[in-house]
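The values are calculated or read from the model by the stated rules, or taken from the named source; none is laboratory data. Bear in mind the structure is a predicted one, so any value in this text is a computation, not a measurement. FYI the Cβ positions are ideal-geometry reconstructions off the backbone, even for glycines, and counts take in every protein chain you see. Side chains included, ligands, DNA and RNA excluded: accessible areas come from the protein's heavy atoms. Shrake-Rupley method; radii C 1.70, N 1.55, O 1.52, S 1.80 Å.
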2 protein chains.
Amino acid sequence: MTEKDGAPAARTVLQQCLQARLQVKPHDEQSEAQFVQIDRGMVIYVCFFKGATDDLLPKMVSTLLNLRLCESDSGKLVSVLELPGSLLIIPQATLGGKAKGRGMQYHNNISKEDGLRLYSTFVSLCEKELMAAAGSRAAVTVQHGTYGNRQVLKLDTNGPYTHLMEF
Amino acid sequence: MTEKDGAPAARTVLQQCLQARLQVKPHDEQSEAQFVQIDRGMVIYVCFFKGATDDLLPKMVSTLLNLRLCESDSGKLVSVLELPGSLLIIPQATLGGKAKGRGMQYHNNISKEDGLRLYSTFVSLCEKELMAAAGSRAAVTVQHGTYGNRQVLKLDTNGPYTHLMEF
């Protein structure tokens with residue numbers, strides 16, 4: 001796996017939230033801006049690198065959703081599936097940046113086309129896992145940003161407990 | 001330097017904000033909770049690893065504050081010093097976590113005592129650089145969280161443009 005030889009195939013940043021709201025369509029002359037929103041749960045910022053393939057995704061989703069990163073009401077750490085909490089998935093190509101002088105370069109980022117495909121599958125797998133775990137507890141949802149757009153985000157936390165996970 | 005041999009001495013995550021508010025003292029029986037707040041600028045989440053020393057800090061601060069990560073009104077990328085924007089610095093030990101099974105371990109994190117010292121110096125250097133660059137434009141400030149506490153954060157962005165920088 002790419003994890004072993006040093007260069008990651010995907011980079012994620014995880015933050016816990018009480019509420020998070022993301023714009024999925026900017027306003028235009030015809031209509032207001034559109035937003036998605038989750039309450040308590042986890043924000044996943046995700047970036048894929050060149051060489052990332054679909055077979056990476058099941059392990060990635062399973063790891064992220066089963067890691068004990070969320071604080072339950074009793075203060076115990078549980079996974080977002082156990083909480084159960086909602087997910088807000090945000091495509092974040094900037095996470096692939098490397099400093100060169102005073103600028104950032106994104107040469108290792110995956111192509112837009114492949115990235116969109118992986119991102120869509122990643123979102124679907126998260127939906128499947130969360131729905132399977134949460135069952136009929138309808139309050140939890142998976143929401144996500146639109147790939148390639150500006151991710152206008154509003155975040156409210158009781159401590160983001162920011163984690164980095166690479167795959 | 002530690003950067004070369006693979007293991008970083010410090011990890012930072014950077015997010016752009018329109019406004020960010022952080023609790024610096026929880027409420028208790030005597031008093032209300034206390035918060036610090038910045039308007040437009042950059043949030044720096046920072047975590048030091050074992051082996052990090054003071055001589056790392058000047059380069060680290062200079063790099064973070066001079067990288068062109070911020071969008072100016074004209075849409076051009078400029079540094080937070082050039083914007084000029086404010087800084088909110090958040091100690092974030094969770095950034096040093098490594099997954100082991102379903103839990104996270106923080107064995108490489110610096111000791112609390114050394115971490116607090118580096119964090120305090122880091123904040124001071126950021127203040128010095130921002131004040132030197134912004135001069136009398138009094139609207140920009142450096143605010144920061146209290147080391148070792150829960151970082152209750154509220155973030156409003158026009159796109160966080162999340163970046164990872166390791167030193």
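Things to note:
- For the stretch A:124-155, a decrease in accessible area of 20 Å² or greater in the assembled protein chains relative to the isolated chain, with a 1.4 Å probe, applies to A:150, A:151, A:152, A:153, A:154, A:155.
- Projecting the Cα atoms of B:146, B:24, B:92 onto the charge dipole of the stretch B:10-155 (Cβ charges, centred on the Cα centre) puts B:92 farthest toward the positive pole.
- Loss of accessible area when B meets A, both sides summed, Å² nearest 100, probe 1.4 Å: 3200 Å²
- Reachable lysines from residue B:128, criterion Cα separation under 29 angstrom, eight or more residues apart if same chain: A:98, A:100, B:4, B:25, B:50, B:59, B:76, B:112, B:154
- If only the Cβ of Lys and Arg carry +1 and only the Cβ of Asp and Glu carry -1, the dipole of chain A around its Cα centre is close to 420 debye.
- Position residue B:108, label points 7 Å along Cα→Cβ, spacing to each other copy in nm (shortest first, one decimal): 1.4
- Using θ = phi - 60° and Karplus 6.51 cos²θ - 1.76 cosθ + 1.60, couplings along the stretch A:57-74 (whole Hz; Gly, Pro as x): 5, x, 5, 4, 5, 4, 5, 4, 7, 10, 5, 7, 10, 10, 8, 7, 4, 7
- Cα-centred dipole magnitude for the stretch B:17-101, charges only on beta-carbon of K, R (+1) and D, E (-1), debye, nearest 20: 460 debye
- Taking chain B as a Gaussian network of alpha-carbon nodes connected by springs under 10 Å, the highest mean-square fluctuation of the residues B:134, B:52, B:33 belongs to B:33.
- Against the rule of thumb 2.2 N^0.38 Å, how large the Cα Rg of the stretch B:68-136 comes out: 1.52
- Threshold 50 Å² - residues in the stretch B:81-104 whose accessible area is reduced by that much or more when the chain is no longer isolated, probe 1.4 Å: B:94, B:102, B:104
- Chain A, helix-only ellipticity at 222 nm - DSSP H runs n ≥ 4, -39,500 (n - 2.57), divided by all residues, nearest 500: -6500 deg cm²/dmol
- Per the Debye formula on identical point scatterers at the alpha carbon atoms of chain A, with no solvent, log10 I(q)/I(0) at q = 0.13 Å⁻¹ is -0.64.
- Solvent-accessible area assigned to carbon and sulfur over the protein assembly as shown amounts to 51 percent, based on a 1.4 Å probe.
- Accessible surface of residue B:144, taken over heavy atoms with a 1.4 Å probe and every protein chain present, rounds to 70 Å².
- Relative to its residue count, the protein assembly as shown spans a Cα convex hull of 157 Å³ per residue.
- Trypsin sites (Lys or Arg not before Pro) lying in DSSP loop within the stretch B:2-73, provided at most 16 other Cβ fall within 10 Å: B:4, B:50
- Taking all Cα pairs closer than 8 Å and separated by 6 or more residues, the relative contact order of chain A comes to 36 percent.
- Per residue value of the accessible surface for the protein assembly as shown (all protein chains in place, 1.4 Å probe), Å²: 48 Å²
- Across the copies of the chain, residue A:33 has label points (7 Å from Cα along Cα→Cβ) spaced 2.5 nm apart, shortest distance listed first.
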